[in-house]
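I have placed the structure first, in the form of structure tokens, so that the comments after it can refer back to it.
The values are calculated or read from the model by the stated rules, or taken from the named source; none is laboratory data. This one's a predicted model, so the numbers in the text were calculated from it and none came from an experiment. As a convention, Cβ positions derive from the backbone with ideal geometry for all residues, glycine included, and neighbour counts pool all protein chains shown. Quick note on the areas: whole protein, heavy atoms, side chains included, nothing else; ligands and nucleic acids left out. Shrake-Rupley method; radii C 1.70, N 1.55, O 1.52, S 1.80 Å.
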Amino acid sequence: QVHLVESGGGLVQAGGSLRLSCAASGSIFRINAMGWYRQAPGKQRDLVAAISSSGSTNYADSVKGRFTVSRDNAKNTVYLQMNSLKPEDTAVYYCNALLVTTGWSKRDYWGQGTQVTVSS
């Protein structure tokens with residue numbers, strides 16, 4: 001079917017940077033949008049950043065000016081460049097893709113999640 005594989009998480013000090021990547025593979029016909037969500041312990045999963053097939057982007061207010069989402073359509077890959085990281089950015093980050101499969105099924109797919117920890 002479709003699989004999303006994430007990488008790039010880790011431990012970083014406040015003010016540092018990390019770059020997350022997520023590659024989608026499988027029976028993909030078209031990817032309409034890809035994005036990143038995060039979930040901290042005891043909290044809901046919230047949108048961090050997303051990018052559509054046309055290149056338009058959305059960001060959570062808390063990350064505007066610090067995070068940048070980009071996409072490599074040829075590789076079905078989305079990236080999240082995270083700069084000026086803060087302890088409150090600590091969470092599990094999940095990749096999401098809204099796509100149409102070669103079987104004409106349209107739905108959301110999720111990655112396994114990658115841990116981002118920012119120390120003071």
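If you scan the range 1-16, which residues turn out to be closer than 30 Å to PRO87 by Cβ, loosely packed, with under 12 Cβ neighbours inside 10 Å and of a type in the set (S, T, N, Q)?
Across the range 1-16, the qualifying residue is only GLN13.
List the strands (runs of 3 or more DSSP E) that sit entirely inside the range 81-120 and contain at least 3 residues that are in contact with a helix residue (DSSP H, G or I) (Cβ under 8 Å, 6 or more places away or on another chain).
In the range 81-120, the matching strands (runs of 3 or more DSSP E) lie at 114-119.
Pull up the range 24-40, narrow it to residues that are part of a strand (DSSP E or B) and surrounded by fewer than 18 Cβ atoms within 10 Å (Cβ to Cβ), then point me to the one that is nearest to the chain's Cα centre (by Cα).
Among those that are part of a strand (DSSP E or B) and surrounded by fewer than 18 Cβ atoms within 10 Å (Cβ to Cβ), it is GLN39.
When you look at SER54, is it open to solvent by 30 Å² or more (accessible area, probe 1.4 Å), touching a His at 6+ places or on another chain (Cβ under 9 Å) and either part of a loop (DSSP other than H, G, I, E, B) or farther than 22 Å from PRO87 by Cα (or both), yes or no?
No, not satisfied.
Taking ALA49 as the residue in question, decide whether it is touching a Gly at 6+ places or on another chain (Cβ under 8 Å), surrounded by 21 or more Cβ atoms within 10 Å (Cβ to Cβ) and at pLDDT 95 or above.
yes
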